[in-house]
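The values are calculated or read from the model by the stated rules, or taken from the named source; none is laboratory data. Just so it is clear, the structure is predicted and the values come from calculations on it, not from any experiment. Here the Cβ positions follow ideal geometry from the backbone for every residue, glycine too, while neighbour counts run over all protein chains shown. These area figures cover heavy atoms from the full protein model, side chains too; ligands, DNA and RNA do not enter into them. Shrake-Rupley method; radii C 1.70, N 1.55, O 1.52, S 1.80 Å.
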Amino acid sequence: MSIESGELDAQRRMGSGMVLVFAGCVVGLVALFLTARRGLSEWPFAIVFGLLIAIGEMVQFRVDSIRNRAPIATSAALGYVMLRGPALGVPPEVAQIVAVTGVATLAGLFPRAVAGLPWDLVISSRRVLSVACAAITFTLVIPDDLAWNGSWTHAIALTGAMLLSVLSAGVLDALVGAGQDTEKFNRPFPASLRDELIVMTRIGLAMGISGMLLAAGTSLIGLWAVPLVVVPLSLTQFAFRRFASAQRTYRTTVRSMARSTEIAGFSSPGQNARTAALAVAIGNDLGLTPARMEALEYAALLSGVGQLALADPSPGGASLLRTREERQRAAEIGASVIERSGVLDHVAEIVRHSNDPYRHGRANNPGIPVESGIVNVALAYEQLVGEGSGQSPDKAMESIGLGIGAEYDPVVVDSLRRIVGRGFRF
């Protein structure tokens, strides 16, 4: 993308992020002031849970390219919210919960910043605000004198309140995250909210339930319960980190495969990356799920692999200059090569149909994935506008528009038109 559009994207990304950081700072400072004024109650619990939150922030990680996770910090903060029981004298107030969470979060981020490790103050601010929401919900639902005492009535009431507070924190974070995704990637808000809620149900609730177990155990038997919950949680985090490392290796391997066509002269330098960037932008605009987005990006990167079987490279990597038979044969060969990996069958299916004309392909066969049409349009636009092509975006859109309904999927072309209209540039 150009420098101008990159700067616009950076400014757009900073918008809601700055608001979230400001809100987190204001809420944290107010909570810190109130806590200092009223005094810290049950300081051993505050210190232990504060240390857990700080350690969790220090060892945070990313499962995919856009989300960072701190399961230990999140579970510890939610656990501190829901402390009620005989092992605890006075339950912490909302202000104290937010103050401990905020200070511990900053304490955990500081070593990462000093060490040069990636950290995200916006995501951490979201966690603080979500914890504040959970604390307010739990306090409003449960009377001050209600605690674990062995009775079913108290147990049911406390469990229900815990679930409600965890859900309130998750829903708030999902709404904020959906708004941020809509702002950053121009995704439809309903699609972004759907993806955030899926993540919440798969990962967020697991962290919330861990927090509930931590709170219940600590409330009943004291701080000795902390390692009983934290040790299995740490093992879970270790497994997630291994998974994240495997995903990064996987992504690097795909990108290396994509560069093979550039090295062999069958595509221009950076052509596959530019095609993938545009395909991802179209996928975001159409609201595809994260799993489909990943497959789409891989398919766009690997769409030219089959050209390696052709006799001669296209001038400047312009595969559109080849006959349709050559392009479809290259797509079939590329799909076969990808299928041999044993784990990219869904990507192979996208590549196999990436050169099919819309009229004789997806228009008559809904089983053909829309991602194939996206790759087809993205590749055509890149070859018309990319480095060395010289056409303007308007001229390229005019050329692509002539093929709507015959060569190109109308839905995908409309999406491309919106993206170009918003200032997308290579």
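Residue check: is Arg251 open to solvent by 40 Å² or more (accessible area, probe 1.4 Å), basic (Lys, Arg) and under 25 Å from Arg425 (Cα atoms)?
yes
Would you call Tyr298 in contact with a strand residue (DSSP E or B) (Cβ under 9 Å, 6 or more places away or on another chain) and either at pLDDT 80 or above or not in a helix (DSSP H, G or I) (or both)?
no
I need the full set of residues from region 353-402 which are within 29 Å of the chain's Cα centre (by Cα), hydrophobic (A, V, I, L, M, F, W, C) and either part of a helix (DSSP H, G or I) or surrounded by 24 or more Cβ atoms within 10 Å (Cβ to Cβ) (or both), in order please.
Looking only at region 353-402, we keep the residues that are within 29 Å of the chain's Cα centre (by Cα), and these are 353-354, 366-382, 386.
Checking which are hydrophobic (A, V, I, L, M, F, W, C) leaves us with 368, 370, 374-375, 377-380.
Of everything in region 353-402, those that are within 29 Å of the chain's Cα centre (by Cα), hydrophobic (A, V, I, L, M, F, W, C) and either part of a helix (DSSP H, G or I) or surrounded by 24 or more Cβ atoms within 10 Å (Cβ to Cβ) (or both) turn out to be Val370, Ile374, Val375, Val377, Ala378, Leu379, Ala380.
Pairs please, first residue from region 38-51 and among the hydroxyl-bearing types (Ser, Thr, Tyr), second anywhere and loosely packed, with under 15 Cβ neighbours inside 10 Å and modelled with pLDDT under 95, Cβ atoms under 8 Å, 6+ apart in sequence or on different chains.
Sorted first by the residue in region 38-51, then by its partner, the pairs are Ser41/Gly89; Ser41/Val90.
Tell me which residues, restricted to region 19-64, are over 30 Å from Arg242 (Cα atoms), in contact with an Asp or Glu (Cβ under 9 Å, 6 or more places away or on another chain) and not small (Gly, Ala, Ser).
Leu34, Thr35, Arg38
So is Val59 touching a Leu at 6+ places or on another chain (Cβ under 8 Å) and either at pLDDT 95 or above or under 30 Å from Thr289 (Cα atoms) (or both) or not?
no
Picking from Leu78, Leu40, which residue would you name as being among the aliphatic types (A, V, I, L, M), outside any loop (DSSP other than H, G, I, E, B) and under 24 Å from Pro143 (Cβ atoms)?
Leu78
Being surrounded by 15 or more Cβ atoms within 10 Å (Cβ to Cβ), under 24 Å from Glu57 (Cβ atoms) and among the β-branched types (Val, Ile, Thr) narrows it down to one residue among Thr261, Thr236, Thr275; which is it?
Testing whether each residue is surrounded by 15 or more Cβ atoms within 10 Å (Cβ to Cβ), under 24 Å from Glu57 (Cβ atoms) and among the β-branched types (Val, Ile, Thr) leaves just Thr236.
Identify, by number, the condition in (1) buried (at least 17 other Cβ atoms within 10 Å of the Cβ); (2) part of a helix (DSSP H, G or I); (3) in contact with a Gly (Cβ under 9 Å, 6 or more places away or on another chain) that Trp148 doesn't meet.
Going through (1) buried (at least 17 other Cβ atoms within 10 Å of the Cβ); (2) part of a helix (DSSP H, G or I); (3) in contact with a Gly (Cβ under 9 Å, 6 or more places away or on another chain) one by one, Trp148 breaks only (2).
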